[in-house]
1. Which of the residues spanning the range 23-33 are surrounded by 10 or more Cβ atoms within 10 Å (Cβ to Cβ) and either in a helix (DSSP H, G or I) or basic (Lys, Arg) (or both)?
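The numbers here are math on the coordinates, done by the rules we state, and not lab data. Everything quoted here is computed from the prediction, not taken from an experiment. Cβ placement follows ideal geometry from the backbone for every residue including glycine, while neighbour counts extend to all protein chains displayed.
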Amino acid sequence: MARQVWRDVNLKNLKEYILPTRNRADVILHKTQNHEIDRVFLRKF
């Protein structure tokens, strides 16, 4: 069930909303498989 939710909901959101706007983000948080933030990318102005 978890894989189906990932594929049908989360993956769709990633492809349709998150990735297309990534280049406009001021901050990007990268998370591990356990949802822990391991990297923070900050845009330099």
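1. Result: 31, single match.
So that you can scan it fast, the table gives a plain yes or no per residue for (1) among the basic types (Lys, Arg); (2) in a strand (DSSP E or B); (3) surrounded by 10 or more Cβ atoms within 10 Å (Cβ to Cβ):
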{"residue": "5", "(1), (2), (3)": "no, no, yes"}
{"residue": "14", "(1), (2), (3)": "no, no, yes"}
{"residue": "21", "(1), (2), (3)": "no, no, no"}
{"residue": "39", "(1), (2), (3)": "yes, yes, no"}
